[in-house]
Amino acid sequence: MTGPPTPPSILSGSVPRHVAIIMDGNGRWAADRGLPRYEGHRAGMKAVRQAVEGAVEAGVSILTLFAFSTENWQRPEEEVMALMTLLKLYAEKEREDLCQRGVAVRVLGNLDRMDAETLNAVQAIETATREGDRLLLNLMISYSGREELLRVMRKVAERVSRGELSPEAIDEAEVERHLYTQGLPDPDLLVRTSGEFRISNFLLWQLAYTEIHISPVLWPNFTRDDLFEAIRDYQRRERRFGRVSSAPV
Ligand code: IPE
Ligand code: IPE
Ligand code: MG
C-alpha cells in the first residue's frame, strides 16, 4: 500500500489544502494508440488512483476531480454509457482501498440523469467511506459551474420570496451556503492536464483566486510525480488576492 516517499522538496513548502483537477486528454491518449475513446477513459482510472495516493502522501486535505461535465452528456450515447459504467466500476472496485486509505468520497453534481445502477454504486461508496479523515475526494459528475450558480440563484430567490431574506442581505456567505462545495475552502490549486488553457465551466465561483497549473500530460499518463510537480509550481507562486506584494521590493 505504501508507495515511493514524497519528495522532501514538497513537504518543506506550503502544501495546497484543496487541489482541483480537470482530468483531460483521455480521448487523445486513445487516438494516439489507435484505440476507441473508451479505452482512454479506462486507462484514466489508473491516473485517478495516482492522484488520490499522491494527494494523501503530500498532505492535501481536499481533492476535487472533474470527471464528467453537464456538456459531456452531449457526447455519443456509447461514450456516455461507457463513462457511467466506468464510474460504477470505480465506485465498486476502489471502495475498500479508499476506506483503508482514509479517503471520504463525495459525488457532486446534478445526478438526476444518472442511471439507477450507477447512482446506487456512488451512494454506496459515499456511505462506506463516510468516516475517512485523511482526504476528502469530491468527484464532480454531471457538473457545470453555470448550472451550479443557477441552482444557487433559484435557492436564494426562494428564500427571498418566502420573506426569509432581503435582497440587500445576499452576501458571499449566502451564495456559498448553496454551492455543492458548501463548507469547503476554495481550491488553492487547479491542475488541467493535456495542455488545454480553459476552465470548461468548472467551479466558476470557487476558482476566483485559485492558482492554475497547466500540465502537458494526457490524463491517462498522469502520475503522482506530475501532481508533485504541480504542487512545486504552486509553491513558487506569490498569492496576492488583489493586495500588494508582502515581499520586499
Ligand atoms: C477527459 O478526456 C474525460 C472527460 C471529459 C469525460 P476527454 O474525453 O475529454 O479526452 P480528449 O480531450 O478528447 O482527449
Ligand atoms: C472538461 O473536459 C470536462 C472534464 C474533464 C470532465 P472537456 O474535454 O469536456 O472540455 P473541452 O470540451 O475541452 O472544453
Ligand atoms: Mg477533453
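Between the exposed loop cleavage positions of the chain, defined as chymotrypsin sites (Phe, Trp or Tyr not before Pro) in a non-H, G, I, E, B DSSP state with at most 13 neighbouring beta-carbon atoms within 10 angstrom, the longest gap is 1-196.
Since only Y38, A208, L184 are under comparison, the one whose Cα sits farthest along the positive direction of the charge dipole of the chain, derived from C-beta charges on Lys, Arg, Asp and Glu, is A208. Summary: within the chain, the longest segment free of GluC sites (Glu not before Pro) located in DSSP loops with at most 14 other C-beta atoms within 10 Å is 1-130.
Once the convex hull of the C-alpha atoms of the chain is built, how many Å³ does it hold per residue, rounded to a whole number? Walk me through the intermediate numbers first.
Numbers: hull volume 37.1 nm³, N = 249.
Considering the Cα atoms of the chain, their hull volume per residue is 149 Å³.
About the Cα centre of the range 61-128, how large is the charge dipole given +1 on each Lys and Arg Cβ and -1 on each Asp and Glu Cβ? Please answer in debye to the nearest 20.
Around 260 debye, computed over the range 61-128.
Summing Cβ point charges (Lys, Arg +1; Asp, Glu -1) relative to the Cα centre of the range 84-167 gives a dipole of roughly 340 debye. Determine the relative contact order of the range 154-249: mean sequence separation of Cα pairs under 8 Å and six or more apart, normalised by residue count, in whole percent. Reported relative contact order: 22 percent. What translational diffusion coefficient, to the nearest whole µm²/s, does the range 73-213 have by Stokes-Einstein, given a Kirkwood radius computed over alpha-carbon pairs, a temperature of 20 °C and 1.002 mPa s viscosity? In µm²/s, the coefficient rounds to 125.
Once the C-beta distance of E77 and E174 is scaled by a Förster radius of 45 Å, the resulting FRET efficiency is 0.70 to the nearest 0.05. In plain terms, if you count all Cα to Cα distances in the range 189-237 and split them into 10 Å steps from zero, the share in each step is 25, 55, 20 percent.
About the centre of its Cα atoms, the chain shows a dipole size close to 320 debye [charges on the beta carbon of Lys, Arg (+1) and Asp, Glu (-1) only; nearest 20 debye]. For the range 25-140, with equal point scatterers placed on the C-alpha atoms only and solvent neglected, what are the log10 I(q)/I(0) values from the Debye formula at q = 0.19 1/Å, to two decimals? Treating every Cα as an identical point scatterer, log10 I(q)/I(0) equals -1.04. On the principal axes of its alpha carbon atoms, the range 143-249 extends 51, 42, 21 Å, with the longest extent given first.
Once Rg and the Kirkwood radius are both taken over the C-alpha atoms of the range 96-150, their ratio Rg/Rh works out to 1.03.
With all protein chains in place and a 1.4 Å probe, the accessible surface of the range 143-249 carries 52 percent carbon and sulfur.
The values are calculated or read from the model by the stated rules, or taken from the named source; none is laboratory data. Note that the structure is predicted; figures quoted are calculated from it, not measured. When we count neighbours, we look across all protein chains shown, and the Cβ atoms used for this are built from the backbone with ideal geometry, even at glycine. Heads up: the accessible areas ignore ligands, DNA and RNA and are worked out on the full protein's heavy atoms, side chains in. Shrake-Rupley method; radii C 1.70, N 1.55, O 1.52, S 1.80 Å.
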